[in-house]
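Each remark here refers to the structure printed beneath this line.
What follows is calculated from the coordinates using simple rules that are stated; it is not laboratory data. This one's a predicted model, so the numbers in the text were calculated from it and none came from an experiment. Note: ideal-geometry Cβ built from the backbone for every residue, glycine included; neighbour counts use all protein chains shown.
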Amino acid sequence: MNIEEVSKNTKLLIDNTPFSVETVEFVKPGKGRAIYKFRLRNLFSGNVLDITYHSGDKVEETSITLHEMQYLFQENDNYIFMDSSTFEQTPMTKTQIGEKGGFLKEGTPVVIMMWEGRPIDIQLPKTVELKVLETEASLKGATITAQMKEGKLETGVKIGVPAFIKDGDVIKVDTRSGTYIERVGSK
Amino acid sequence: MALEESSRLQNIKDKLEYRAKIMDGIRAFFNSEGFLEIDTPLRVPAVAPEQFIHPYTSEGWFLSTSPELQMKRLLSAGYQRIFQVCHCFRRDEHGRHHNPEFTMLEWYRAGADYRRIISDTENLVLSLAAKQGYGNVLPYQGKSIDLSLPWPRLNVRQVYLEWAGWDPFIDFDGQRFDDDLVDKIIPRFPDDRPVVILDYPRECAALARLKPGGTPVAERAEVFIAGLEIANGYSELTDPLEQEKRFRSEMAEMLKNGLPTVWPEKFIEAVKTLPECTGIALGVDRLVMLLTDSPRIDDVIAFPSDRL
C-alpha cells in the first residue's frame, strides 16, 4: 500500500514481522518531501519501533484476525485454548501470556489475535470471577490506609482484597489493573 | 446536529472570531501599503509542476495548489503591488500543521527583491500581533516570542554546516536536505524569536532566481515562528528559458512517478514580460494558530477535512 494510506492501527509487515501502527506524525517542508514518522509496535515482542518514511514509499499491509476462544488447561509451558466455532485447539506460551495467566481459569472466554495462523496476542474479558483460596482470617491493627490484605486466588495469583473477604469467597477482578472490584458470592 | 460537533464548534468560536479580526487586519495592512486585492480562480487547467506538491484533479483540470501562476500573469501585465487571500488544495497533506485545503495569503511587489518581501512579512506579523493586544511579545504554547525587528537572519549553508554537519551546496541530496531540516535544523531554532533562513541551494529554488553572477545560490527565504513554517518567499525568477528548463525537469520526475501534470503554457508565455519582482506565500491558518495560541491547525478551522 502507498505510505499515504497508512493510518493508526494499520497492520504492517516489515522484515517478516507484523507491526501495528500506534501513531502517525505527518511533517512536510512546504516545497519538500512529505515525511511520515510512525511509531510501530512489534506484535510478537511488544517492542516499540520508530521509523520514518517518505512520500512515494510503499509498505506491505498484513491482516490480523480475531478469534473467540475458551481457555481449556495448562500443559507444561503452554496454555491451551479452543476456538469456540471450529473447536480447534491453539497453544500459547507462558511468555506470550505473561501476567494475564493469573486471570485465566478453565472456561474463561478470550479473544485471540492470529497472524498467519499463529496466535500473537490475547484479550481477556474486562472482569473475571475467581475464588479466594487463602487469605488471613482477620486483619490485626487495621488502619484507614491499610484496609487491604493479600488474597491468593484459585489461579495462584495474589492480589489485594478487603479485610472482610474470607477463604472460599468468589470475587470479581479487573483484569487490566489486576484489582479487586467486589465480592460476588461465598462458600 | 451531533452534540460532539456542536460543542466543538462552540469551543472554537473565540478562535474563529480572532481569525476574522486577523483577516480584517491583513486587508487593512495591504490597503495601507497600496496593494490591490486580487481574486484568481480556484479551479485551473494547469498548476506549477512541483514534484512534492500534488494537486487534486477536477474534471480534467486541477484545484489550485497556489495562486502564483495567475498572480504573476497580472504582474506581467503591469500590476505593481497585488495580494490575495484564497484557499489552496494539496493532496495527502494532513497532520498537526496541515489540512489538504488551507488558506494562503500571497503578495507580490514589482521592482523589489526578497529582502523587501521579508520586511513586509515582519511588519505584517507585528501589526497583527499589535491588533490582538500583544506588544512585541507573543505568548505561544507556554513560550514568549520576541517579535521585535529585525528578526534574526540565518544562512542556509551555515545552519546545515553547523547543525547537520554537511554542505548542501556540495553534492546536494534532496531527501537528506528535507530530513535534516525537520530533525536537525528546525529543532535548533531559538524558541523565543522568529527566524528567517535564506539563500538556498539552486536545487531548492523552485521559482526563485539565482543570485546574480553565476552563483548556485537561490534568492529564497523562509520564515519560521515557534518551529512553524509560516512563509516562503522569492526574488522571482524572470528568465523564461530558465523557468521552462526547471519546469521540464520537474515534469520529467513527476511523469516517472505517474503524477498528472499539464504544461502551464500561458504562464510560461507571461514570464517573458515578467518584471523584476518579489513574492511570498504565507500560511494563514498557521498564523492564526500562532496568534490564538493554538497547537493544532484543526483548532482554527471550523471544518477540517476529516470532519466534513
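Which loop-located chymotrypsin sites (Phe, Trp or Tyr not before Pro) does segment B:200-308 contain, where loop means any DSSP state but H, G, I, E or B and the Cβ has at most 13 other Cβ atoms within 10 Å? Intermediate values should be presented prior to the final figure.
Values: sites: B:Phe224, B:Tyr234, B:Phe247, B:Phe267; in loops: none.
In loop regions of segment B:200-308 (DSSP not H, G, I, E or B), there are no sparsely surrounded chymotrypsin sites (Phe, Trp or Tyr not before Pro).
Whole-Hz ³J(HN,Hα) for each residue in segment B:87-95, computed from phi via Karplus 6.51 cos²θ - 1.76 cosθ + 1.60 with θ = phi - 60°, x for glycine and proline: what do you get?
My calculation for segment B:87-95 gives 7, 10, 10, 9, 4, 6, 9, 9, x Hz in order.
DSSP loop trypsin sites (Lys or Arg not before Pro) in segment A:1-98 with at most 15 other Cβ atoms within 10 Å of their Cβ, which ones?
Hits after loop and neighbour filter: A:Lys8.
Let's test the formula: R0 of 35 Å, r as the Cβ-Cβ distance of A:Glu116 and B:Asp92. What FRET efficiency results, to the nearest 0.05?
On the way: r = 30 Å, r/R0 = 0.87.
With R0 = 35 Å, the Cβ-Cβ based efficiency is 0.70.
Tell me which chymotrypsin sites (Phe, Trp or Tyr not before Pro) from segment A:35-114 have a DSSP coil assignment and no more than 15 other beta carbons within 10 Å of their own.
Passing both the DSSP loop test and the Cβ count: A:Phe44, A:Phe87.
Quick one: plug the Kirkwood hydrodynamic radius of chain A (C-alpha pairs) into Stokes-Einstein at 10 °C, 1.306 mPa s, and report D in µm²/s.
Reported coefficient: 81 µm²/s.
Helix by helix through chain B, keep the DSSP H runs that span 15 Å or more along the axis on Cα and average at least -0.5 on Kyte-Doolittle, and give those back in order.
Membrane-span-like by this criterion, though nothing is claimed about a membrane: B:114-131.
Where a ≥ b ≥ c are the square roots of the eigenvalues of the C-alpha gyration tensor, would you call segment A:71-119 rounded, which needs a/c under 1.5, or, failing that, prolate if a/b is larger than b/c, or oblate? Can you show the working numbers first?
On the way: a/c = 1.57, a/b = 1.21, b/c = 1.30.
Taking the square roots of the gyration eigenvalues as a ≥ b ≥ c, segment A:71-119 is oblate.
Only counting other Cβ atoms within 10 Å, I'd like B:Met104, A:Met69, A:Met1 sorted with the fewest neighbours first.
Listing B:Met104, A:Met69, A:Met1 from fewest to most nearby Cβ atoms yields A:Met1, B:Met104, A:Met69.
Assuming a ≥ b ≥ c are the square roots of the Cα gyration tensor eigenvalues, decide whether segment A:3-61 counts as rounded (a/c under 1.5), prolate (otherwise, with a/b larger than b/c) or oblate.
Prolate shape, in that a/c is at least 1.5 and a/b is the bigger ratio.
For a distance above 31 Å, tell me the whole-number percent of Cα pairs in the protein assembly as shown that qualify.
Above the 31 Å cut-off, the protein assembly as shown has 58 percent of its Cα pairs.
Determine the shape class of chain B: with a ≥ b ≥ c the square roots of the Cα gyration tensor eigenvalues, call it rounded for a/c under 1.5, and otherwise prolate if a/b is greater than b/c, oblate otherwise.
Working: a/c = 1.39, a/b = 1.22, b/c = 1.14.
It is rounded, given that a/c, with a ≥ b ≥ c, falls under 1.5.
Averaged across orientations, what area in nm² does the convex hull of the alpha carbons in segment B:175-289 project?
9.0 nm²
Positive end of the charge dipole of segment B:19-167 (Lys, Arg +1 and Asp, Glu -1 on Cβ, about the Cα centre): tell me which of B:Ser76, B:Leu36, B:Phe62 has its Cα farthest that way.
B:Leu36
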